[in-house]
1. If the viscosity is 1.002 mPa s and the temperature 20 °C, what translational diffusion coefficient in µm²/s does Stokes-Einstein give for chain B when Rh comes from Kirkwood over Cα pairs?
2. Beyond 19 Å, how much of the Cα-Cα pair distribution for the stretch A:273-390 remains, as a whole percent?
3. Can you give the FRET efficiency to the nearest 0.05 for residue A:179 and residue A:302, using r as the Cβ-Cβ distance and R₀ = 41 Å?
4. Using a label point 7 angstrom from Cα along Cα-to-C-beta, what distances in nm, from shortest up, separate residue A:744 from the other copies?
5. Note the per residue figure in Å³ for the convex hull of the C-alpha positions in the protein assembly as shown.
6. Label the stretch A:524-646 by shape, choosing from rounded, prolate and oblate, from the square roots a ≥ b ≥ c of the eigenvalues of the Cα gyration tensor; if a/c is under 1.5 it is rounded, and otherwise prolate applies when a/b is larger than b/c, oblate when it is not.
7. Take every DSSP beta bridge whose two residues both sit in chain A, then give the antiparallel share in percent to the nearest 5.
8. Given the stretch A:2-306 reduced to its alpha-carbon atoms as identical point scatterers, what log10 I(q)/I(0) does the Debye formula return at q = 0.12, 0.13, 0.15 Å⁻¹?
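Each reported figure results from applying straightforward, stated rules to the coordinates on display, with no laboratory input. For clarity, every value in this text was computed on a predicted model and none was experimentally measured. Here the Cβ is made from the backbone with ideal geometry for all residues, glycine too, and neighbour counts use every protein chain on show.
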């Protein structure tokens, strides 16, 4: 009861968790979820409400719904225990527990219930299941979930549905261990169309009370021909009441029925592993020896407060704090822990099981998204975890022969473009994180940068690129320009690392490559335009083609406008191509004025900051950044401008609210804008950095005062809008003076 | 090469296997199979050719096809490793290996091939797979199968298909152990419509050569709605080339491809267990440490010769010997070994794994069939194995609380009528097999005989029967008379045992029950007729109703004619009811004359012998028995008169060819007819019996001389047509003198 009181207690000092609203991003395709998870947790317990059904506006079959929960929907069909946050393709959303009452019904198309009284806080979720009059609560540890169901009087049921979920892979196994325990696994994967990305997830489920009756079900395939008549269960849900040995199939599940008194609670805990059932059980025993709901929920909240407290903000509205801490919360979900408590994890692209020797093995690397700001953010604020992630990436190279691109539970999904691992490794190293095997990393980076396309897992189109420094337009709707732009940023980053490591030839070769973007520049439009193999521009170019995810020649999920400024490593060169600063500003302003800017996608994320490259025009960045912070981000369920992209949108928001942004991947510096808060204190880990904090103070801050009048660093005036990562840390922060008009 | 020569060598002394033609019974619904098996083997390797396809006259979907192989069919789709012989419902017929060549094709509807050059001998099968130019050979040990494929040059494939087979249950699991080994299990069961009879079968498959490439496949379920478009494998066979961890699903399999030279052989061995994958591997290692095809095949044949040699026959035609030894071969398949080499087996009706302490645990007890003659036959000729079977039945009672009725791999299928375990246990005991726990057995027998219907697993209709000694007609097409007739035989048998054990009250009660059949006797027809609860006859009786498996009131799979003489324990009483011997003979003769007799079903199996109950009319039995032996049994694939019923038809044939038949279950005696052979020597096990052999000699035997002129036993004239089991053994045999006219 004391514990419960704590959970329910209002915000207090050092309780940044109280500002987190996990419903943010659960609408408008944000793809986040409200269910409990701990920082970098493997397990979350998420109300699953995307089953096609009346009342469910967004279903996993009728619209592109990549997440297990959508705020707009009304009918839920259980709690899924493995989930992805903020991604754009459906997967996981499985190992689903569903409490019901009354006669047994095992078809998820029939047992759904509306929810009411939903509450979501870091490490805690609860709701009332209207149809069944059940109160359901959930919490989690790193590798386990815990649910508590308060039942009415009568027959109560808990269903474990393995034939239900977001993944497009199929097949599951389960085995009853006793009348209160079941184990098994389910195959998941095929994330973003890749049939090779197959991942088995293992589980053990234990109940706090033995079931009165239990068994399996299976939707039997419809038998062909006359066999259909001979089998009473052909094409139907078959209920197994007497069979308790191994079950396998597709639409399978386990049911447990109880006689409950009014208000009786039954708890269900779930251990997960990506290695084996044995490890799932070991994880469960290690992280939840008993059934202690309040204690577990409190620990989950404590673990959030510990991480969220790395940054303290003062000033701003409650909404600002909610936006900020919820963003931080979302950023700390992926790349999550992969290894079990005993250190074991599945090796990259193989069937081997390995043991982590140093630090944690992480997974779910959405690198095309996260190289831009998530990893720089983690590098600064969570250097220990970021170091573990860097090590994880190098280990993936050692295991599979290639660095990751979009890694999902030790499977390369090949989603999106480019070669983003290079950027993360180089950028982190250059920002000072050096406690990983840089030699091996460099070997892996150079391998993808220089291997011929025919043997290049990451850059199949490397041959022409290596020779000509661009990728030609070859097929209708190819991504040639988008792909090349990613290679430039990657090669630029690797060039910077090569320079730092004294590898001058590599530096020269790679840096030259990174300037190949100029080939795409068409002065007729002052935009980038696909180029043919012979060097001529693709005919029939329409810079507007590609809005709203329609297919477009040369660009991926966007049009030329959304890519043409994406050369963060050579903004000055681009400016020169455009004929100078005036034209550059004109084109950039047009992007925003004509609604060509897409806050929801990554390629143009940095655009608002690009005015900083033109002296005297920095106020435009301040205005645009603040406009984006206000326009695209709010505290409602639709408060993210689309997929959070495993924290990338959230990282942009936080940087932009703090007043600095890592504009150039591979270049350890920041560019500035006006902070939203009066004071931001970032507690640094002095094991990694030469200071224990950065403090960003803002004078004269208000809703109207969004323009920087002057800036100080280390007590001295700062006469620039770019600072290095090293000096920011060394000097311990910044001080901004704001006003309601652009400074002269 | 020496070994091969032996396999191919023609018949020789002590090589009764050379007379066995495993193709007998593979047409005309005999439901036997030509693939190799050893006596009472758990594993057989059977060409599976009942996939619906042009050229397959009998398929497992378009007609009632209960067996994996039909001689008439032309297209095979692999070799199944667990199979049932001579049963009337489809099940098992699974764990299917298929060799192919060329490009990988995993859909069994597409990869079938015609067979040619089929050869089947005890312990050996071979055929040429025309489409692929592969020679396939197979042999078996008790718990393992071994195949040898001789491939042409090029890409060769071996497929392990777990989504294919006879069973109506679904779901399988598999895991690649290496490039030459795979393990897993498949769910089977629902035999004869019983959805509760679910059995997991575990396997390990090893190849003699590592595969060049290997992987899984799965027929992915078709995804609903828009998800179908987002998944390239939705509704299709998905080939897994990079995933080697656990797979589960329904239509799943494993593929292994090889580069083969012309004439290169690859062997595949399969270990089976009904306990676990570990046990399947232990079985495989114990029974086949290497890959020795010739040695394994020779051992299989030796094991057959050892068992077949228990009976030596002399005289008769080659066809007679073929019929006889093939019948003996078929009789020695079920009830087969269940336990693994380490003694473990799945307990009856539970999830427990137990260990056999004494003798072998047997399974597949089709007791309604086999109580009539298979078990009396085993009792006489294979008393050790029959003792193991008796013990197995008693253990089933101890494990589940009930004796078996139609037991399939430790699951009660509830197929057919009555309470047949009582008959087998009592009959065997009274014939002298006493080395089992008769006290516990008696307890189990009395439990089903006397428990109220509501709690009676075997006799749910016991209440009315216990009080009124008959089962009333209640529902259209019920089996009331058939069911009651079975209870009479069971209760009569138990009565005889009770008498032998000095339990006089039980004897009296049970014996009185067994005479309840008189209630059904309708003098208007001189036949049995369903009776209502009030004791009146069912109106609208048609004694011809029920031919050809059409539904019939009161009788199961037959009409009144085929049941009305089925009171083997009181033929004299029945004769009296009919008004005397003349009328009895008249009615019995009409059965045969008007083709009302069904040799293919059990209830009237004993009819040909019933003339022996009328003095002076015994010649009619001699004529009728010989007529049935000649008319319904021959050496072609259609040489059985329907389902072999796990050896029941075969046992009838052998007894009838030897000249004696166990006409009354529970009464340890035989009735006589004229032998086909000049001399039959049955080698008895003198650990069980007071003699080491029975010799049946026949003088003046010929195709026309089918009538017994006189009989001698122990050198003295025998002036009767009934002898006791005990005196037959004590006297060591019989001598018949035959002639072409009935004796006066």
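1. On the way: Rh = 26.8 Å.
Taking Rh from Cα pairs, D becomes 80 µm²/s.
2. Details: 4093 of 6903 pairs.
That tail contains 59 percent of the Cα-Cα pairs.
3. Numbers: r = 34 Å, r/R0 = 0.83.
E between residue A:179 and residue A:302, to the nearest 0.05, is 0.75.
4. Output for residue A:744: 15.3 nm, nearest copy listed first.
5. Working: hull volume 278.1 nm³, N = 1488.
Measuring per residue, one finds 187 Å³ for the Cα hull of the protein assembly as shown.
6. Oblate, since a/c reaches 1.5 and b/c is not below a/b.
7. On the way: 112 of 117 bridges.
For chain A, the DSSP antiparallel bridge percentage is about 95.
8. Log10 of I(q)/I(0), two decimals: -0.74, -0.88, -1.20.
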